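Coordinate-derived values only; no laboratory data. Bear in mind that the values here come from a model prediction, so they are computed numbers and not experimental data. Don't worry about glycine lacking a Cβ; one is built from the backbone with ideal geometry, like all the others, and counts go over all protein chains shown.
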């Protein structure tokens with residue numbers, strides 16, 4: 001009687017549809033009918049839909065794949081329109097977030113040595129502000145004398161136009177359009193007007209710079225200690241937590257490696273420009289450092305201004321030497337050496353990187369060209385890496401060799417743990433550290449063996 005009373009109470013609480021199911025169950029002699037009816041009622045919004053109809057309904061209601069793709073594209077379009085609207089705020093905010101994540105290990109190391117949290121946080125903020133301020137100050141100082149320098153080469157610009165025109169006439173080309181284009185592009189007044197316009201845009205961007213500074217301040221203070229919040233996220237959704245932690249490590253490694261190698265390349269470029277007697281070598285060295293963060297086309301943007309300056313100052317041979325030496329430096333350092341240190345920090349194919357450059361530049365403006373890789377890594381972690389059901393999409397975002405390597409290891413199988421998936425992606429970047437640790441252990445074992453033999 002107690003069990004029957006419990007079933008009747010459950011039926012009364014569930015509503016009239018469950019009561020009908022109970023009556024049906026009683027008529028057929030099945031004690032499980034009320035519970036089944038109750039379950040069907042709850043799952044179908046308490047509408048009293050029979051279980052068979054409820055089971056058949058969702059299967060027939062699944063939209064076609066093409067419709068799902070269109071729905072995703074519509075959502076992406078709406079999201080991009082929203083980001084475009086707030087681009088002046090979103091760009092500096094995301095840049096500040098990634099920079100704060102990059103310098104967080106400084107705070108952790110200071111806390112490890114028992115430095116108070118407030119002092120370590122202040123030191124972390126100062127380090128970031130000093131680095132950004134130094135770059136901005138050097139760039140402003142180096143650009144200050146650029147208009148005056150260009151005015152001295154007004155006649156040289158005209159001579160270059162005449163040389164190109166004569167060369168075109170020798171080969172039978174129409175020179176009128178060429179002359180008009182070169183006169184417009186290689187005119188010092190035009191270049192100075194462009195520089196002043198760019199400087200005016202930078203000055204009007206003071207609000208954005210202020211937003212960036214405030215974001216750095218508050219984000220640094222707010223992300224210094226996140227242990228409790230991290231624990232909440234980890235217990236609520238461990239896959240999402242691992243994906244975000246993986247993004248933090250990847251974006252930190254990307255900024256550090258790109259900055260270190262960009263600094264090395266810019267210093268070498270500076271001495272090359274000094275040796276070739278190209279005017280304003282510091283300005284162009286800083287320019288190559290900044291364009292180093294622009295994927296794919298950053299090198300081309302970085303080599304054009306110093307090559308033109310070498311052309312108007314010393315002639316075609318100097319411009320050619322600038323292009324050749326810069327190309328050799330870029331291929332050697334950034335094409336061969338840098339990827340060995342970067343490892344899988346980026347892990348994006350060349351096509352995806354270039355498309356990301358175009359996409360984010362169109363969405364959030366010029367700052368998107370510098371943030372193209374970090375933004376792609378962030379949304380990849382958010383939408384692809386955070387769920388076992390979507391991580392197979394990564395195979396279309398990474399190089400073919402990496403996709404084959406992960407597929408052979410079974411990392412795209414549905415049952416693979418995301419912790420193993422992310423750990424495998426970071427294995428190559430940790431290889432040197434692992435080898436160093438093993439060598440230290442080997443030395444320690446040899447030392448202990450020698451001590452034992454000496455005692456004997």
Exercise for the section: Kindly put 250, 152 in sequence by how many other C-beta atoms sit within 10 Å of each C-beta, fewest to most. Expected result: 152, 250
Exercise for the section: Express the relative contact order of region 250-290 as a whole percentage, based on alpha carbon pairs under 8 Å and six or more residues apart in sequence. Expected result: 45 percent
Practice task
Pop the C-beta distance of residue 119 and residue 237 into the FRET formula with R0 = 35 Å and round what comes out to the nearest 0.05.
Solution key: 0.55
Fill in the blank from the handout: Ranked on Cβ counts within 10 Å of their own Cβ, fewest leading, 325, 308 go 325, 308
Completion exercise
Rounded to one decimal in nm, the spacing of the 7 Å Cα→Cβ label points at residue 390 and residue 327 is 4.2 nm
Handout entry: Extension reserve of the residue 317-residue 301 stretch, reckoned as 0.36 nm per residue once the Cα distance is removed
Key = 3.8 nm
Problem - Once the Cα gyration tensor of region 248-333 is diagonalised, semi-axes √(5λ) in Å - result: 25, 11, 10
Problem - Proxy reagent accessibility, fewest Cβ within 10 Å first, across 70, 95 - result: 70, 95
Fill in the blank from the handout: Two pseudo-spin positions, 7 Å from Cα along C-beta at residue 73 and at residue 148, lie apart in nanometres by 5.6 nm
Practice task
Would you please give the FRET efficiency between residue 408 and residue 112, computed as 1/(1 + (r/R0)^6) with r the Cβ-Cβ distance and R0 = 30 Å, to the nearest 0.05?
Solution key: 0.20
Problem - Nearest-0.05 FRET efficiency for residue 260 and residue 141, computed from C-beta distance (R0 30 Å) - result: 0.85
